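K.L.:
I am attaching a structure below and will ask some questions about it afterwards.
The values are calculated or read from the model by the stated rules, or taken from the named source; none is laboratory data. All of these numbers come straight from a predicted model, not from anything done at the bench. FYI the Cβ positions are ideal-geometry reconstructions off the backbone, even for glycines, and counts take in every protein chain you see. Calculation scope for accessible area: heavy atoms of the full protein, side chains included, ligands and nucleic acids excluded. Shrake-Rupley method; radii C 1.70, N 1.55, O 1.52, S 1.80 Å.
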Amino acid sequence: MMANEAIVAIKDLNHFYGEGELRKQTLFGINLVVRPQEFIIITGPSGSGKTTLLSLIGCLRAVQKGSLKIFGQELKGATNPQLVTMRRNFGYITQASNLLNFLTAQQNVQMSLELHPGLLPQEIREKAQAMLELVGLGDRLNYYPNRLSIGQRQRVAIACALVTQPKLVLADEPTAALDKVSGRNVVTLMHRLAKEQGSAVIVVTHDNRILDVADRIINVEDGKLGLALSHELSIALPGFDETLLTNAIAAKNSTGESIPIIQPKVLTFAPGEIVIQQGELATKFYVLLEGIVEVWKETPDQSPKLLNRLTRGEYFGEIGLLEGSERTATVQVAKAAEAKIIVIEKDFFQLMMENSDQTSSDVARRMNQRVLKSHLTNILPNLELENLDRAIAKVKVVYYGPNSNIIQPGDSPQKFYVLAKGKVQILRQDRSGVEIPEKTIFPGETFGARELIVGENYSYTVRVLPKIEAEVMVLEKKVFSELMVAAYSKLIFTSDTELDRVASVLHRRLMKKMSKS
């Protein structure tokens, strides 16, 4: 089988229960492709057809109508012996773990291997022991199931399912009997081991706590497959209210007339296709479902600078919408593969922000980090993406009350500042000592950089305006100096004294660049 060839390929699959007048259709026109290393979660209400679909994929039921191929082999029309043979290629995990109580943990795992001929007894014992060590039960090899906790029994079940290195793992409610921490640990373990072994995993679950682990979330309702849009948005946006997708929503225009708000939709973008162009008017917000997109900053007389590389569950497009401005960067699909993206219109985005403080806070925080990254790129255009990301992780957010002084004359420069919220003023004293406003700083703008680079004390005051608070993102001097060194040197400096020396040598070159920009 080719590396990217489908492990599961389903086309127009239908399934029925009962006969005659009692015959009832439970699955309708299912189409699904699952590839190696994909971790897919199937959700949906009870009785929607999730378990029926999983049992068909697991060769526990005969295909009635449509096509279901596993490893390229068509199962429609397959005999019972053929289905039994196919099942030996799978790993199964259920909520009940299904261990044999009269066997130890190691013996239970060995049973899975003994179904596969060609292995010597010593090899079987060694493989079982190694797998139990991988799942964190190396000290429980000889424990019987009744001496293990529920979570430990489930880890033994995972070891049983994965010890044969199957290319397909099927799990039905594997966390149903587990608490939050144990359930999370079990699914994370399944995810890691399956990725390492190149397996595809299909998990049926009602557990919303584990959805963010998935590469894809598929919703089954009334026997039909659909995108789990509310789950995807909840993963990307903490606090998202799924009722926004189901309730009748309307906005008001300037004359008070109701305007239906356009619901989010999923679009597919080709490899290399531009999703957002820097400079265009911001009208949409985006959440990435599949694929990779790259964020590029375009600056006159310079090559485009890579600011970010985003993957599933991350969002973009918020800066222009929140600031009511043009796009500040170009977003392009990576050239390796297409991308599926949830596209959200401006009105629905505003509704999400107004409906949840948690959502609006998360979006604002992410926007501030990206604004800071953009500013650092302008000042230090030679910085690599990983250096920028490390610096952003060290950002501190400081709050200042109305009329608070952030910087005062004579202060030694120790920080680099980006204003996130509020307004501040730069004030200088005239000859008589009266403070005169020189400049107002707005959100997204920086201050304090010149003195930090040159090493001069501040000659002015930076003060928050009256009656408002200010939120400021702060980078310590050492972090900023490390960035400056990284931008102009491939050497690594561990001594603070040496770091300061190199940074001071570089500051003239940097100030020259800043004066031109």
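K.L.:
Calculate I(q)/I(0) for segment 370-442 by the Debye formula, one identical point scatterer on each C-alpha and no solvent, and give its log10 at q = 0.23 Å⁻¹ to two decimals.
P.N.:
Once normalised to I(0) and log-transformed, intensities are -1.18.
K.L.:
Once you have a ≥ b ≥ c as the square roots of the Cα gyration tensor eigenvalues for segment 273-367, tell me rounded if a/c is under 1.5, and otherwise prolate or oblate according to whether a/b is larger than b/c. Don't skip to the end; give the middle numbers.
P.N.:
On the way: a/c = 1.95, a/b = 1.35, b/c = 1.44.
Oblate, because a/c is 1.5 or more while a/b does not exceed b/c.
K.L.:
Which of the residue pairs Lys167/Lys265; Lys195/Lys305; Lys24/Lys224; Lys127/Lys167; Lys11/Lys76; Lys284/Lys340 have a Cα-Cα distance greater than 21 Å in the structure shown?
P.N.:
Working: Lys167/Lys265 33 Å; Lys195/Lys305 32 Å; Lys24/Lys224 14 Å; Lys127/Lys167 17 Å; Lys11/Lys76 11 Å; Lys284/Lys340 15 Å.
Listed pairs above 21 Å: Lys167/Lys265; Lys195/Lys305.
K.L.:
Turning to a different aspect of this structure: Which three semi-axes in whole Å describe the equivalent ellipsoid of segment 76-165, each the square root of 5 times a Cα gyration tensor eigenvalue, listed largest first? Provide the component values of the computation, followed by the final result.
P.N.:
Values: eigenvalues 117, 50, 21 Å².
In descending order, the three semi-axes are 24, 16, 10 Å.
K.L.:
How do the peptides 453-463, 272-282, 154-164, 181-191 rank, highest first, by the average count of neighbouring beta carbon atoms within 10 Å per residue? Intermediate results must be reported in sequence, preceding the final value.
P.N.:
Working: 453-463: 17.1, 272-282: 14.9, 154-164: 25.7, 181-191: 18.9.
Top to bottom by mean Cβ count within 10 Å: 154-164, 181-191, 453-463, 272-282.
K.L.:
Which sequence of Met353, Met131 reflects their accessible areas, 1.4 Å probe, from the largest down?
P.N.:
Solvent-accessible surface, decreasing: Met353, Met131.
K.L.:
Then there is this: For the chain, return all DSSP H helices satisfying: extent of Cα atoms along own axis at least 15 Å; mean Kyte-Doolittle hydropathy at least -1.0.
P.N.:
Values: long enough: 121-134 (20 Å, -0.71); 150-162 (18 Å, 0.65); 180-197 (26 Å, -0.47); 357-379 (33 Å, -0.92); 477-488 (17 Å, 0.59); 496-516 (29 Å, -0.75).
TM-like helix candidates: 121-134, 150-162, 180-197, 357-379, 477-488, 496-516.
K.L.:
Beyond 25 Å, what percent of the Cα pairs of segment 214-372 remain?
P.N.:
Numbers: 4023 of 12561 pairs.
Roughly 32 percent, rounded to a whole number.
K.L.:
Of the peptides 416-428, 304-316, how do they stack up when ordered by the mean number of other Cβ atoms within 10 Å, highest first?
P.N.:
Working: 416-428: 20.1, 304-316: 17.5.
Answer by packing, highest mean first, reads 416-428, 304-316.
K.L.:
Compute the label zone of Val434 within segment 455-483: residues whose backbone N is under 20 Å from the point 7 Å along Cα-to-Cβ.
P.N.:
460-463, 466
K.L.:
Once a ≥ b ≥ c are taken as the square roots of the eigenvalues of the Cα gyration tensor of segment 130-287, is the result rounded (a/c under 1.5), prolate (a/b larger than b/c) or oblate (a/b not larger than b/c)?
P.N.:
Details: a/c = 3.14, a/b = 2.21, b/c = 1.42.
Prolate, since a/c reaches 1.5 and a/b exceeds b/c.
K.L.:
Rounded to the nearest 500, what is the chain's calculated 222 nm mean residue ellipticity when only DSSP H runs of at least 4 contribute -39500 (n - 2.57) each, over all residues?
P.N.:
Working: 15 runs with 170 residues, N = 517.
Value at 222 nm, helices only: -10000 deg cm²/dmol.
K.L.:
Can you order the peptides 401-407, 362-368 by their average number of other Cβ atoms within 10 Å per residue, highest first?
P.N.:
On the way: 401-407: 14.6, 362-368: 18.9.
In decreasing order of mean packing, 401-407, 362-368 become 362-368, 401-407.
K.L.:
Based only on Cα atoms, what mean projected area does the convex hull of segment 336-463 have, in nm²? Could you put the intermediate results ahead of the total?
P.N.:
On the way: hull surface 45.4 nm².
Approximately 11.4 nm², given one-decimal rounding.
K.L.:
Quick one: grab the alpha carbon gyration tensor of segment 82-127, order the square roots of its eigenvalues as a ≥ b ≥ c, and give me rounded if a/c is under 1.5, else prolate or oblate depending on whether a/b is larger than b/c.
P.N.:
Numbers: a/c = 2.44, a/b = 1.04, b/c = 2.33.
Taking the square roots of the gyration eigenvalues as a ≥ b ≥ c, segment 82-127 is oblate.
K.L.:
From a point 7 Å beyond the Cα of Lys224 in the direction of its Cβ, which residues of segment 19-46 have a backbone N at a distance under 20 Å?
P.N.:
Answer for this model: 24-33, 42-46.
K.L.:
Let me ask something else. Kindly provide the Kirkwood hydrodynamic radius of segment 126-192 in Å, to one decimal, from all pairs of distinct alpha carbon atoms.
P.N.:
Values: mean 1/r = 0.0818 Å⁻¹.
Roughly 12.2 Å, rounded to one decimal.
K.L.:
Rounded to a whole number, what is D in µm²/s for segment 1-110 from Stokes-Einstein with the Kirkwood radius over alpha-carbon pairs (20 °C, 1.002 mPa s)? Provide the component values of the computation, followed by the final result.
P.N.:
On the way: Rh = 15.8 Å.
Using the Kirkwood radius from Cα pairs, D works out to 135 µm²/s.
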